Every structure is written in C-alpha cells, then in structure tokens.
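Report on the following structure.
The values are calculated or read from the model by the stated rules, or taken from the named source; none is laboratory data. Just so it is clear, the structure is predicted and the values come from calculations on it, not from any experiment. No Cβ is skipped: glycine too gets one built from the backbone with ideal geometry, and neighbour counts run over all protein chains shown. When the accessible area is computed, the model is the full protein with side chains, heavy atoms only, and any ligands, DNA or RNA have been set aside. Shrake-Rupley method; radii C 1.70, N 1.55, O 1.52, S 1.80 Å.
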Amino acid sequence: MNQDQAKANLLDLDEAPVGDVLTPTRRPSGFYGGLYLPTDKHELAGQPLETAPPPPHVVLPLTQHAGLPAIPCVKPGQRVLRGQQIAVADGFISANIHATTSGTVIAIDEQPVPHPSGLSAPCITIEADGKDEWCELHPVVGDYHTEDPVRVRQRVREAGIVGLGGAVFPTSTKLTARADINVHTLILNGAECDPQISCDEALMRRYATDIIAGARIVLHILQVNRCIIGIEEDKPESEAALRLAVEEFDDDRFEVVRVPAIYPEGSERQLIQALSGREVPSRGLPLDIGFVCLNVATAAAINTAVTTGRPLTERIVSVCGDAIARPANIIARLGTPVSSLVELCGGYTSDVDRLVVGGAMMGFAVGDDNIPVVKACNSILAMTADQGRSSKDIRPCIRCGECARVCPSRLLPQQLYWHAGSHDLEKLERYNIFDCIECGCCDYVCPSNIRLAQHFRFAKAEIAVQDADRERAALARQRYEDRNRRLADAAQDRAARIAAKKRKAAAAADIHKRRKVITDVMTRVRQKEARRDRTETQ
Amino acid sequence: MKFQVEPAPHIISARPVPQVMREVLYALIPAVVVYTWYFGAGLIVNVAIACAVALASEAAILRLRRRDVRLYLSDYSAVVTAALLAFALPSLTPWYVTVTGTLFAIVFAKHLYGGLGFNPFNPAMAGYVLLLIAFPTEMADLWIAPRGAGDGLSVGQTLAAIFASTPPAAGWDAITSATPLDQVQSDLSRAMTMSEINANPTMHGSIVGAWLWINLAVAAGGIYMLARGIIRWHIPLAVIAGLALMATLFYLADADRNPSPLFHLTTGATMLGAFFIATDPVSAATSLRGRLIYGFGIGVIAYIIRTWAAYPDGIAFAVLIMNVAVPAIDYFTIPKPYGARDD
C-alpha cells in the first residue's frame, strides 16, 4: 500500500460514523494464531476488592516505566506527603514518581526490585508516619472540556501515569499528537487474556464509570470522536458494567465490542486486529494506522489525576495462584512489599514452588518476595509445582509445527529455534525474530517442552550485543581510517608546500636567469650600437 | 522465602511427544484390524519383528551416542517407524527382509542424521524403498489373495512362510497374486484397456474391495488424528488433492487407458501415505503454505510413478523425493509476519 492510499484509508475511516469503522464481516474477526487458555479467574474478579493498609515502609524504584529512570528531587531525612513528587521524569520517555504515603525519606539507594534479572536498582525508601496525609492537590478545575488539551495532557504527565497493562509506557507520550498522523480512534483495552490475572476485570466491574470518564478525557486530549472498548466475551459482567457506564454518560462516541477470548488479545496489536481487521506495521506503532490504545486501568488513573489531582500512587494487583491461601484482587499502594500483600491473602500454601510477577504466560519468576509493588505489577502469582511447568524431559523438536500454528506474529518458531541453536544470527533476522512478542504461545503447545520463548529472548539479546559490537568495530575502523586519512592528508600537504616552495625558488631563479640573459643581450646590443655609432662618427 | 526461578511461560498444555506418538499408534489400530482380516496374521508378525528390532537397535545406538536411553526410547518414535514400515510390507515378507528394512530405517535414516527431529528423510519410507530395491522379488511376489478372493492362510502357514520361507500348502499360486495397482500397471503396458483389465480375475471385486476397506480404515485413523490435533489437514488434503487432480485429468482425457481417480485413492498406500507417512513432521515442510506444496507434490509424483515408472506404487518414492525438496520449499515459503503484509 503506498502512502497516499494509506492516507486515503485513514481519512475514510475518520469520516465514517461511529459503528461503521468495523465492517460486519470483520466483527469480531480475531487474529492469526493464539490460544484459548483454561481459566478460573472470573470468580476471583467477582469478589470484593480489598485495600491494603499502608505498610511501614514503601520502596519506590526510580524506574517504574519504559525509558530513562526518573531523577530524585528529595533528600534523605526530608518529610514528604502522599502524592508529593519525589523524582522527576528524565526526558520525553520517562515518568514522574510520587510518594505513596506520608513520612520521611530514609534512603535513596539500591534495593531489590521486581525485575527478571533479580538485580537491585536505585529506589527511594520512605518510612511511613501512619498519617497517610495527602499533599496539596491541583485538579483541573471546572470543566476540562474548556481546558486546552495540551494543558490536560500535562496533568497526565505530572501525575506519572504509565500504561498499567504491564508495558508501562509513559501515557502522556502516547497521547502526544504528531503532525503527520491523523488519529481517528481510541481503543480501550479490556481484553485481559492471561489465564490468571483479573485486576482489570475487577476494575471494570466496579469502576466502569471512572474508566469511561477517563476515556472521555483522553478523547478530549486527542481531539478524537470515537472510542472502541474491546472486551473479551468471557467477561459478561464487565461488559454490562461498561455498557451501563456509557449509557449513563449518554455519550455516542463510545462503542463496546465483544471479542473472542483468545490469548494474547491483551497485546494491543492483536486487539487492534481483532477489532478492526487491520495490522499495525511490523516496525511501527498503533499510532501509524491512527489508533491509540490504552488499558482500562490507565483510563481510570487519568480520570483520577484530572478530576482529583491525585497522581498515580496505587493500583489493583491480582494476588492469585494455587499456592495463595486466599487469592484476592487488592488495591495496593506502589512500594508495598509483595510479601505483605501475600500475607494479606493468608500467606502461601505449604507447596509453593515459584512466585511470578505478571501472568503465567509472560510474567517473570522472582527468587524472593522482598520486592515492592511497582506500576507494572498487575499480578503476583504464586504457583505450586503441579501448576507450574518443569524443565524435566525436554526432547528434540519434531517440527510438528504447532508453534507456527499458534504464533500470533505468524513466525516459524521451530525454524527460529533451529537457527538460535546454531547461533545463525543472520538467519534469525531473516526469519523475523524481532517480530516475536514473546507471548509464549509456542512454548505452551510444544510437545517437546522446549523453552522456545526463552531461546528467542536470548537470541535477540545476542543479536543486540553483536550489533553493538559491530557498531563499535565499525566506529573504530572509521576512526582508524579517518586518522590514516588525516595523516596522509597532512603528509601530502607538507609535500605540496615543499614542492611549492621549491617551485617558487626555481621560478625566482629562472626569472633572475632570464633577466640576466635579457640584460646581457641588451648590454650587447647597446655595446654593438655604441660601436656602430662610433664607427659611423669616425 | 526463596522460590524457583524459571523463564516464562510458566504453564504449558500437557501433550508430550510420547503421547503424540502413542496416538499415532492408536490411529493405526483400525487399519491393522481390517488388514489382518483380509490378509491374515502376517502383518502382526511383521509389526512384532519390526518393533523388536527398532527398539533394540535404537537402544544400542543411543548408548553409542551417549544419550539418555530411557528418555528417548520412551518417546515411541521408533515403534511408530517400525509399525508404518511393517504395514507397508507384503504380509508374507521373510523375517530377514523386515529386519534389514527396520535396521536401515532406524540406524541409517534416523540416527546417522542425529536421531529424532533431525532426519531429513522419512525413516519408514527410506527403509521401505531400500527393500524395494534390494529385495524386488520378495517385495513384489509375496502378496497373497485377500480373504474372499482366496482362502486365507492359517497362522501356522503364515509363520512358516515368514520364518522358513516355506510356501503354504496351497502352493505358490495363492501367494503371487498381484495387487490391483500392479495388475493395472502391467496390463496397461501390454496395451490392454481398462475394461479388459477389470474383466481379469485378479481384478476381482473382492481384491479391489479389500484395498478399498483397508484404505478406508487407514483414513478413519487419519480422521481420528485430525480430530485429536495430532496432525493438521494441510498435508493429507494436499496429497489427496494432488493425486486426485492428476488422476481426474488423465481419466477425463482417456477413461479407457487410465484408471479412475476413485481407484487411485482407494488402492495401494494412498491413504497411508496421505495421513501417516507424508504427515511425519520431522521430514515435512514447515510453514502451512509449504506443507500444502509438499503434500501436493507427493500426490503428483505418486501418480507419475504409478503411471509411467517401473514401480506399481509411488507413495514411498514421492515422499522421499519431496523430502529432498523440503529445504527449498521452506526457503520460499517463509510467512510474512504480523504487520509486514501490504506495505
């Protein structure tokens, strides 16, 4: 498709009335690959939400978002209030961090954080004073509709809001318009497809109004008139709650669309395809085809930030898994230790085997529960050995192709695995390894129990390292060649200068010689003439 | 509290390789029953010989290769290879022929290339083709008339024929009856027409019928595997489509010189090839589009061999030929990833 056509399509979509953006044949079309995963989370989502009490300490990592770590703006010993900014976003792709309870900053140092590496990272630790006192808040007063969209977006940025679906990309950055792109649709992602996590479902059931109110603010920021809420068909209660909320607002810009409950529909690329039949360009963003996609929890957080002025200080966390005594969805403030949330849920059962931050399909296992809840923590999943997967009995790949059948990126995982094994990085790129979204579908169906996603993560890192090496080598070569050229140039210059001097000297000598010849000739002529004159006069 | 750390995903669906292979064996049961009904106990004996040899040779070579014998032997892949090879042999095949074929399949076609998952050729078909070339007489002449056309052999006669190469009391006549494919091919080469061939007693309805029922039983097993998700439809459908398309074209052009598409689909190893042989994932193409091409190629080549080459059935050769083509097919059928279409 050339650019003009693409533009024409966008305009077309933009002018279509709400509801026509999805042609009937495409509704709900689903997407390539994916899995129906067995789940029992809906019961949990229906239980009352609990609020965790403020812990004695909160530990707030400086990196709770995609992009550069925030820069601390408080000092140890300083008293802070809940909602007070304690670290400033460093650049466009970064987010502010706020105190999540009132108290005293006692340390800014390395602490264990939820990260696949298991390494520590810089954090601000606040000792709570138990008062949980809020700082002075600055909501957008009056009707935000009359407010400049840029100012409203600024409020979202100040509040440190990031995508709460798990990718934690700074939201205000996502909402920043680009001159060359016509955004036509906001998509609210209510497709929580992971088999265990139910924090978004719990939110949708109880705070549907806040979600819709937040989405209305985003529509204002984006100056867009269409919002599609994608919700999976196995969440009828959430769907009903959202429909009711839309009705309450009597806002005809909204459309609630049911999609089949296929993992990984929570991935915005897959959801956009399921809703619109369109694919986000391989190396591009949803924005490139005119969509902005936000998680429902992010929309609710935007509503809170704009209408109450409260920054992001808490989120809903699903504490679940067979090894949790009493699973629950908990409103927890950021910085709360994971261990205290588990305690709130009655602790672990005796056969706990592994602890996962995130979902069973994409979350990472951690070795220790002494880590804080961060903005990305949608779930704390404690698994028993029976529930979890074992590394025993890994067999050779029989190329059954089931992995290719379920790969939502239409890759050939078995070929990638083969080339990853032989470290053929060139082939890996030819087989589009960078289009792998690491959803784990291939692992899930592999009869040989091969850790495919892990191989691909490793191979990607290997390629990145190799590329960096290659770049460094290229730079070094460039520097070496540049230096050689400079030396050669200098040598040439010098030679040229010497030659020029010689030439000059030679030329000078030459002129001198010629002058002498002329003078000699002239002298001879004059002498001759003088002689003749003399002769004539004689 | 310390927890076990492993990479995501943390859950998988439980249908490991051994179960997949076992289900392939279950799927063969109807075919074995029908085949035994028509041709006697020879098949069971052959399967037993082949399985014993396959397991023993696999265990020996795994030890040589210093692999986990228990883990690999328990994947049932050697048993599947043995069963498929035995199923392709005439029911009175002498024991040493079966042993040779199985050894070649397991040791040469499978393990010399690296074992399960690494063999470029379908091991069962490699073994079968070796036997076709090395033992042409045994492979062509030891077909007995199926029950209904002949009297059938007792277990004792079968065992004597297999282990002592003793002809059954009924005489060699009973055991040199050609298969329908063989008959059609040789008669056509003698310029006979299809109607003349069909009048021949060796094309007796019950002989053709036996092969029809065997193929139906194999297909039933195939449908079981499809329903269980052990195999996917692409390869079987493409094999059948390739063969049917060729057969239809030539049948429509000259019905008197070419057997009908139905005849092609219900005789010889058509269904076994489509559902059990070509679907061996290790030696097949990888992408879905690639698998359609791969299967279609097998169907077309099988027709060509059946019609114009020196062998009555072309499935085994067709599979091996397309095995050779797999890397090329794979090269040209890499699917475009999500978001890389159109633009």
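Answer rounded, prolate or oblate for segment A:405-538, using the Cα gyration tensor with square roots of eigenvalues a ≥ b ≥ c: rounded when a/c is under 1.5, else prolate when a/b is larger than b/c, else oblate.
Because a/c hits 1.5 or more and a/b exceeds b/c, segment A:405-538 counts as prolate.
Of A:387, A:397, A:452, which is farthest on the positive side of the dipole of segment A:337-458, counting Cα position, with +1 on Lys and Arg Cβ, -1 on Asp and Glu Cβ, and the Cα centre as origin?
It is A:397.
Using the Karplus curve 6.51 cos²θ - 1.76 cosθ + 1.60 with θ = phi - 60°, work out ³J(HN,Hα) for each residue of segment A:275-284 in order, rounded to whole Hz, and write x for Gly and Pro.
Those phi angles translate into 7, 10, x, 9, 9, 5, x, 3, 9, x Hz.
Using the basic label-point model (7 angstrom from Cα toward the beta carbon), what is the residue A:518 to residue B:96 distance in nanometres?
11.7
From largest accessible area down, sort A:402, A:438; use a 1.4 Å probe on the protein chains.
Order by accessible area, largest first: A:438, A:402.
Counting DSSP beta bridges with both partners in segment A:156-310, what percentage is antiparallel, nearest 5?
5
Give the ranking of B:20, A:280 by solvent-accessible surface, highest area first, calculated with a 1.4 Å probe.
B:20, A:280
How much of the DSSP bridge set in the protein assembly as shown is antiparallel, in percent, rounded to the nearest 5?
65
To the nearest 0.05, what FRET efficiency results for residue A:287 and residue A:225 with a Förster distance of 25 Å applied to their C-beta separation? Please report the intermediate quantities before stating the final value.
Working: r = 17 Å, r/R0 = 0.68.
Efficiency at R0 = 25 Å is approximately 0.90.
I'd like to know which of B:109, A:184, A:431 lies farthest towards the positive end of the charge dipole of the protein assembly as shown, counting +1 on Cβ of Lys and Arg and -1 on Cβ of Asp and Glu.
Toward the positive end, the furthest listed residue is A:431.
Report the trypsin sites (Lys or Arg not before Pro) located in segment A:125-176 that are in a DSSP loop and have at most 16 other Cβ atoms inside 10 Å of their Cβ, or state none.
When the trypsin sites (Lys or Arg not before Pro) of segment A:125-176 are filtered for loop state and at most 16 Cβ neighbours within 10 Å, A:131 remain.
Which ³J(HN,Hα) values, rounded to whole Hz and listed in residue order, are derived for segment B:119-131 from phi using the Karplus coefficients 6.51, -1.76 and 1.60 in 6.51 cos²θ - 1.76 cosθ + 1.60 with θ = phi - 60°, glycine and proline given as x?
Computed from phi, the couplings for segment B:119-131 are 7, x, 10, 5, x, 4, 6, 4, x, 5, 5, 4, 5 Hz.
So if R0 is 25 Å, what FRET efficiency would residue A:434 and residue B:233 give, r being the distance between their Cβ atoms, rounded to the nearest 0.05?
Efficiency, from the Cβ-Cβ distance: 0.20.
Count charges around residue A:427 for me, please; just the other residues with Cβ under 15 Å from its Cβ, Lys/Arg as +1, Asp/Glu as -1. Don't skip to the answer; put the middle values down first.
Details: positive: A:430, A:460; negative: A:424, A:426, A:429, A:435, A:462, B:330.
Overall, the nearby charge balance is -4.
Can you give the accessible area of residue A:318, probe radius 1.4 Å, in Å² rounded to 10?
Roughly 0 Å² of residue A:318 is accessible to a 1.4 Å probe.
Let a ≥ b ≥ c be the square roots of the eigenvalues of the Cα gyration tensor of segment A:224-320; is it rounded (a/c under 1.5), or, if not, prolate (a/b larger than b/c) or oblate?
Rounded, since a/c falls under 1.5.
Please list, in order, the residues from segment A:495-519 whose amide nitrogen is less than 12 Å from a point placed 7 Å along the Cα→Cβ vector of residue A:525.
Inside the label zone: A:518-519.
Of A:336, A:209, which has the most accessible area and how do the rest follow, probe 1.4 Å?
If we order A:336, A:209 from most to least accessible, we get A:209, A:336.
Could you check how many percent of all C-alpha pairs in chain B are farther apart than 38 Å?
It works out to 18 percent of all Cα pairs.
How high is the relative contact order of segment A:407-538, in percent, with contacts defined as C-alpha pairs under 8 Å that are six or more residues apart?
16
Would you kindly find the accessible area of residue A:427, with a 1.4 Å probe and non-protein molecules such as ligands, DNA and RNA excluded, rounding to the nearest 10 Å²?
Accessible surface of residue A:427 is approximately 70 Å².
Could you compute the net charge surrounding residue A:384? Neighbours are other residues with a C-beta less than 10 Å from the C-beta of residue A:384; K and R count +1, D and E count -1.
-3
5 Å is the cut-off here: which amide hydrogens, built 1.01 Å from N in the peptide plane, fall below it relative to residue B:93, excluding neighbours closer than 5 in sequence?
Correct list: empty.
Working out 0.36 nm times the residue gap between residue A:534 and residue A:500, then minus their Cα-Cα distance, what length gain in nm do you get to one decimal?
Difference between extended and current length: 7.3 nm.
Only Cα pairs under 8 Å and at least 6 apart count here; give the relative contact order of chain B as a rounded whole percent.
The value is 18 percent.
At 0.36 nm per residue, minus the direct Cα-Cα distance, what do residue A:479 and residue A:120 gain on full extension? Give it in nm, one decimal, please.
That works out to 125.6 nm of additional length.
When the Cα centres of segment A:258-319 and segment A:372-429 are compared, how far apart do they sit, in Å?
One Cα centre to the other: 24 Å.
Which entries in A:235/B:2; A:427/B:336; A:427/B:110; A:392/B:2 show an alpha-carbon gap greater than 23 Å?
With Cα atoms farther than 23 Å apart: A:235/B:2; A:427/B:110.
Taking H as built 1.01 Å from N, whose amide H comes closer than 5 Å to the amide H of residue A:162, not counting residues under 5 places away?
A:171
Relative to the Cα centre, what is the charge dipole magnitude of chain A, using +1 at the beta carbon of each Lys and Arg, -1 at the beta carbon of each Asp and Glu, and rounding to the nearest 20 debye?
Taking the Cα centre of chain A as origin, the dipole is about 5440 debye.
In whole Hz, what ³J(HN,Hα) sequence does segment B:90-101 give by Karplus (6.51, -1.76, 1.60; θ = phi - 60°), x for Gly and Pro?
x, 6, 9, 4, x, 4, 5, 5, 4, 4, 4, x
Residues with beta-carbon under 15 Å from that of residue B:107, excluding residue B:107: net charge, scoring Lys, Arg +1 and Asp, Glu -1?
+3
Is there a quick way to get the dipole size of chain B? I mean about its Cα centre, with the Cβ of Lys and Arg at +1 and of Asp and Glu at -1; what is the value in debye to the nearest 20?
1160
Placing unit charges on C-beta atoms (Lys and Arg positive, Asp and Glu negative, everything else neutral), compute the dipole magnitude of segment A:348-484 about its Cα centre in debye, rounded to 20.
Charge dipole of segment A:348-484: 320 debye, to the nearest 20.
Divide by every residue of chain A the summed helix terms, -39500 (n - 2.57) for each DSSP H run of at least 4, and state the resulting mean residue ellipticity at 222 nm, rounded to the nearest 500 deg cm²/dmol.
On the way: 15 runs with 210 residues, N = 538.
That calculation yields -12500 deg cm²/dmol at 222 nm.
Can you give the accessible area of residue A:110, probe radius 1.4 Å, in Å² rounded to 10?
It works out to around 110 Å².
If each of residue A:49 and residue A:350 carries a label point 7 Å out from its Cα toward its Cβ, how far apart are those two points in nm?
Going from the residue A:49 label point to the residue A:350 one covers 3.6 nm.
Classify the protein assembly as shown from the C-alpha gyration tensor, please: rounded if a/c falls under 1.5, else prolate or oblate depending on whether a/b exceeds b/c. List each step's numbers first, then the result.
Values: a/c = 2.33, a/b = 1.30, b/c = 1.79.
Judged from the Cα gyration tensor, the protein assembly as shown comes out oblate (a/c at least 1.5, b/c at or above a/b).
Could you please state, rounded to a whole Å, how far the C-alpha centre of segment B:60-89 is from the C-alpha centre of segment A:84-115?
About 59 Å separates the Cα centre of segment B:60-89 from the one of segment A:84-115.
Between A:121, B:1, A:378, whose Cα lies farthest towards the positive end of the dipole of the protein assembly as shown when Lys and Arg beta carbons carry +1 and Asp and Glu beta carbons carry -1, centred on the Cα centre?
Of A:121, B:1, A:378, it is A:121.
Set the Förster distance to 35 Å, then compute FRET efficiency between residue A:471 and residue A:40 from the Cβ-Cβ distance, nearest 0.05.
Details: r = 48 Å, r/R0 = 1.38.
Working from the Cβ atoms, E equals 0.15.
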